[in-house]
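Please read the structure below before turning to the comments.
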């Protein structure tokens, strides 16, 4: 049996000096990007669970997905995902219930991009590329029955979506 993992970097959020990094909102471009990713997801099976960083820009990205038509059954906001290291992101995946077959993480670079690289087969990482701009979504097929059994370098990139 396989599971599907969606790794999404938050949409565009300009640097602002009047707010903390955690509180930075999406730009108008970022709002549009999130909706476009949601439109793409609208034709795919529903996401059982979306785990989202507690940063304002990631939460607004999650809202944009829904307004674009993405079907997300449940979401959780986790402070542990804010600027999380790759290992911490992987740990969150491994803690998820076995009946969740479609799992999404909405987080930040460099962790989210590095996670995609370590999970994918060498052939898939070539398709992934060297950069992971805002609103990039990797859809990954994981050959495991339990999230705790997810293997490094053994998973296939089904699709990668970049929004400009």
Looking at 65, 105, 89, which is the one that is closer than 22 Å to residue 131 by Cβ and either at pLDDT below 95 or part of a strand (DSSP E or B) (or both)? 105
Inside segment 118-141, can you point out the residues that are assigned to a helix (DSSP H, G or I) and under 22 Å from residue 41 (Cα atoms)? 119, 124, 125, 127, 128
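Listed here are the residues, each with its yes/no results for (1) over 12 Å from the mean Cα position of the chain (by Cα); (2) more than 13 Å from residue 5 (Cα to Cα).
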{"position": "71", "(1), (2)": "yes, yes"}
{"position": "77", "(1), (2)": "yes, yes"}
{"position": "80", "(1), (2)": "yes, yes"}
{"position": "89", "(1), (2)": "no, no"}
{"position": "97", "(1), (2)": "yes, yes"}
{"position": "100", "(1), (2)": "yes, no"}
{"position": "105", "(1), (2)": "no, no"}
{"position": "109", "(1), (2)": "no, yes"}
{"position": "112", "(1), (2)": "no, no"}
State whether the residues of segment 112-121 include one that is farther than 24 Å from residue 163 by Cβ and surrounded by fewer than 17 Cβ atoms within 10 Å (Cβ to Cβ). yes
Mind checking which residues of segment 68-86 are touching a strand residue (DSSP E or B) at 6+ places or on another chain (Cβ under 8 Å) and either in a strand (DSSP E or B) or more than 22 Å from residue 110 (Cβ to Cβ) (or both)? 70, 71, 72, 73, 74, 75, 76, 77, 78
State all residues of segment 138-164 that are within 16 Å of residue 3 (Cα to Cα) and either touching a residue at least 60 places away in the same chain (Cβ under 8 Å) or buried (at least 21 other Cβ atoms within 10 Å of the Cβ) (or both); if no residue qualifies, say none. 138, 139, 140, 141, 142, 143, 144, 145, 147, 150, 155, 158
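Taking residue 35 as the residue in question, decide whether it is in a helix (DSSP H, G or I) and either in contact (Cβ under 8 Å) with a residue 24 or more places away in the chain or farther than 24 Å from residue 131 by Cβ (or both).
Yes, satisfied.
The values are calculated or read from the model by the stated rules, or taken from the named source; none is laboratory data. Quick caveat: nothing in here was measured; it's all calculated off a predicted structure. Don't worry about glycine lacking a Cβ; one is built from the backbone with ideal geometry, like all the others, and counts go over all protein chains shown.
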